[in-house]
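To keep things clear, I will list the structure first and then write my remarks on it.
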Amino acid sequence: AQKITQTQPGMFVQEKEAVTLDCTYDTSDPSYGLFWYKQPSSGEMIFLIYQGSYDQQNATEGRYSLNFQKARKSANLVISASQLGDSAMYFCAMREGAGGAQKLVFGQGTRLTINP
Amino acid sequence: DTEVTQTPKHLVMGMTNKKSLKCEQHMGHRAMYWYKQKAKKPPELMFVYSYEKLSINESVPSRFSPECPNSSLLNLHLHALQPEDSALYLCASRRWTSGGQETQYFGPGTRLLVL
């Protein structure tokens, strides 16, 4: 079975600093996809960024980038110039299965707090 | 537009009540999901519908009954729930393809309290 590990239950960062959220994964499937979601206290899961296993370059979306190290099976999320609104729960997830049986396997999450 | 809507936002029900949660998307996505999320935990998959047919049931108790009446709408019927069923219920949808990026987009959730 596939597995996602997020080792940081909580992180505290000063506003405007960069922050790295760790995620490691375990799979024997050569084709896989990795996602990061943000969940504010309101509850909605907000999609941030995606990295495919065959993508040659690290994914970037605005202030978000994914540090993808395939050999180490890690997919860390980097948030540059953090803002107070970045305070939330962050989940790393991996795609499992295909077609109608596709589902996401989530890590336990990291709670990020941005201090002013 | 990547909007998934869910109603109601909050629901309080007794253990003998029957209620329904509703999820709607107009993105043309043909896969729709129900998740249950307890506080400080990741979402747990409950059901997956693909082309309006149930494709995954993660051994969910029968007091939860999903329904997909059309490609835009997903319901979750609730009956005789237990207090431990209190949680945030999230709906998600994704474009159905055989490969590539298939992002799941989530709705805002329904916070359910069972008394």
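The values are calculated or read from the model by the stated rules, or taken from the named source; none is laboratory data. Keep in mind that this is a model prediction, so the values were computed, not measured. All Cβ positions, glycine included, derive from the backbone under ideal geometry; neighbour counts span all protein chains shown. Protein only, heavy atoms only, side chains kept; ligands, DNA and RNA dropped before computing areas. Shrake-Rupley method; radii C 1.70, N 1.55, O 1.52, S 1.80 Å.
Residue A:11 falls short of the stated requirement of being of a type outside the set (D, E, K, R) and within 14 Å of another protein chain (Cβ to nearest Cβ). If residue A:57 passes every condition in (1) loosely packed, with under 14 Cβ neighbours inside 10 Å; (2) within 13 Å of chain B (Cβ to nearest Cβ) but one, which one does it miss? Against the list (1) loosely packed, with under 14 Cβ neighbours inside 10 Å; (2) within 13 Å of chain B (Cβ to nearest Cβ), residue A:57 comes up short only on (2).
Only one entry in A:67, A:76 is open to solvent by 50 Å² or more (accessible area, probe 1.4 Å), assigned to a strand (DSSP E or B) and under 20 Å from residue A:5 (Cβ atoms), namely A:67. Of the residues making up segment A:42-54, those that are open to solvent by less than 60 Å² (accessible area, probe 1.4 Å) and among the aromatic types (Phe, Trp, Tyr) are A:47, A:50. Would you point out the residue of segment A:90-104, among those that are in contact (Cβ under 8 Å) with a residue 40 or more places away in the chain and crowded, with 20+ Cβ neighbours inside 10 Å, that is nearest to the chain's Cα centre (by Cα)? Residue satisfying both the conditions and the ranking: A:92.
So for segment B:73-90 (the condition being of a type in the set (Ser, Thr, Tyr), modelled with pLDDT under 95 and not in a strand (DSSP E or B)), does at least one residue qualify? No, there is no match, as no residue in segment B:73-90 is of a type in the set (Ser, Thr, Tyr), modelled with pLDDT under 95 and not in a strand (DSSP E or B).
When the residues of segment A:1-41 are filtered to those that are surrounded by fewer than 15 Cβ atoms within 10 Å (Cβ to Cβ) and among the hydrophobic types (A, V, I, L, M, F, W, C), the one that is modelled with the lowest pLDDT is A:1.
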